[in-house]
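Step one of this worksheet: look at the structure below.
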Amino acid sequence: MIERLVAFDTTSYKTNLRLIEAASDILSGLGASIRLTWDENRQKANMFATLGPEDRPGVVLSGHTDVVPVEGQDWSSDPFALSQRYGKLYGRGTADMKSFIAVCLALAPEFAARRLAMPIHFAFSYDEEVGCVGVRRLIGDLAQLPVAPRLCIVGEPTEMKAVIGHKGKKSVRCHVEGHECHSAMNDRGVNAVEIAAELVVRLRGLQRRIRNDGPFDLAYQPPYTTIHTGTIQGGTALNIVPKSCGFEFEIRNLPSHDPETLMAEMRGWAQDLVPEMLAVSSAAGITLDEHNSTAGLDMRPDDEAVRLVCALSGNNDTSKVAFTTEAGLFQRAGIPAVVCGPGSIMQAHKPDEFITLEQVAQCETFLRRLLNHMSER
C-alpha cells in the first residue's frame, strides 16, 4: 500500500484526485460512507470516510495526501517508485506522511470486519504543505455530521510518540509601493527597497527581543516564538530609485503567545513610515497580506485523548514540536487532537526520504490496539 501511494505524484501544485479515488474505492468497498470536499477548480479533494455506527462519537485518523517538490534534490532513486534498502523504505512521502495513510488503508478491512462500538473516521486532505489549506474545508464540513468526533489522531511523523503541542504559524506578504526617479535626485523619490529593509530590520529586532525576554515554553525547541523573513524582491536598476519591493515573513508562535499582538506592532511601524512616503507621492504606501494562519496545538497531558494515544503507543512520554500540523485546527474546532505517526520529521522534505520498517510495524501495532479499544466486547 505504501508503494501504491508513493507512486501517486501528489506534489502540492498537482492534483491529488487519483490517490483520493483509490482510497475512496478501498473504503467504499468495505461499506464506508464517503464525503468529499473540493478545491475551487475541483482538481483536488479531501475525503472523509466512516466505518461503524455514525450516531456516536468516534476517532478521526487524519493525514495529508500532498508532498513537497523533488525538483533540485539529489535523489539516488526515483522518488515516486518505492525502493527498499537495509530495512528502510525510500520515496517521497514515506515519512511525511503517506506511510500513515497506507497503514490506515491496509488495516481498514480489519476495522470493517469487527463490530465497532464507535465509528472510525478516515480524514485525508489536500495542500497541507502549503498552509493546511484543504483540511479547513474538511473540518468545516464536519458540522454536517450527526455527532461530532470524540478525538483526532494526526499521523505526522513523530516516531509513534504522542505530541501534545505544536506552534502556530502566520504567513505574511508585505508590499511597499514607492515612487521611482533618477537615483541622482533621490529626494524626489520614495525608495521602496530601503523602506522594506527598515521593516525587515525591525522584525529582526522584534525576534531578538522575544529571544531574550520571552514568553518561553521550555518544551519547545527553540522555546520561544520565532519570526523569519524568507524572501525579498525589489528594484530594477542601480540608478533608479525603486518603485516597489515585497518581502515575505512568517511567525511561528507558541500557542500561548497571540501572534496578533506581534502583527499589531508591525502595522504600527508601517503607519509610522507612511506619512513621510505620502509627502512625496500620494500613490505610496505599505500593505500587509496575511495569506495563511494556522492555529497552534495545546493539549493537557491529562486529557482523555492524550491518555488514550499514550496507551496505544505504549509510551507515556509526551512532547511538543516546532512544526505545524492540522491538529491545532481540529482542536480549535472543538475536537481534541494528538499528533502521533510513524517516521521521523528529520527525514521529511529531504532527498532520499525514508521510513524504517520498524516504524511501519509500530504503526500497525498502534492501530490494531486502537481497533481493540473501539470494538464491542
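Do we have F124 as within 21 Å of K350 (Cβ to Cβ), under 23 Å from the mean Cα position of the chain (by Cα), among the aromatic types (F, W, Y) and open to solvent by less than 60 Å² (accessible area, probe 1.4 Å) here? Judged against the criteria, F124 is not a match.
When the range 104-115 is filtered for residues that are over 16 Å from D25 (Cβ atoms), surrounded by fewer than 24 Cβ atoms within 10 Å (Cβ to Cβ) and touching a residue at least 12 places away in the same chain (Cβ under 8 Å), the ones remaining, listed by number, are L107, E110, R114, R115. Among all positions in the range 246-265, there is at least one residue which is in contact with a Phe, Trp or Tyr (Cβ under 7 Å, 6 or more places away or on another chain), modelled with pLDDT of 95 or more and under 30 Å from T325 (Cβ atoms).
Are any residues in the range 42-68 within 30 Å of P351 (Cβ to Cβ) and not acidic (D, E), and if so, which ones?
Once the filter is applied, which keeps residues that are within 30 Å of P351 (Cβ to Cβ) and not acidic (D, E), the range 42-68 yields Q43, K44, A45, N46, M47, L61, S62, G63, H64, T65, V67, V68.
Any chance the range 197-204 includes a residue that's outside any helix (DSSP H, G or I) and buried (at least 21 other Cβ atoms within 10 Å of the Cβ)? Within the range 197-204 (the criterion being outside any helix (DSSP H, G or I) and buried (at least 21 other Cβ atoms within 10 Å of the Cβ)), the answer is no, since none of the residues qualifies. Here the strands (runs of 3 or more DSSP E) wholly within the range 33-103 that include at least 2 residues being open to solvent by less than 30 Å² (accessible area, probe 1.4 Å) and among the hydrophobic types (A, V, I, L, M, F, W, C) are 45-51, 59-64.
The values are calculated or read from the model by the stated rules, or taken from the named source; none is laboratory data. This structure is a prediction, so every number in the text was calculated from the model and none was measured. All Cβ positions, glycine included, derive from the backbone under ideal geometry; neighbour counts span all protein chains shown. To get the accessible areas, we keep the full protein, side chains included, count just its heavy atoms, and leave off ligands, DNA and RNA. Shrake-Rupley method; radii C 1.70, N 1.55, O 1.52, S 1.80 Å.
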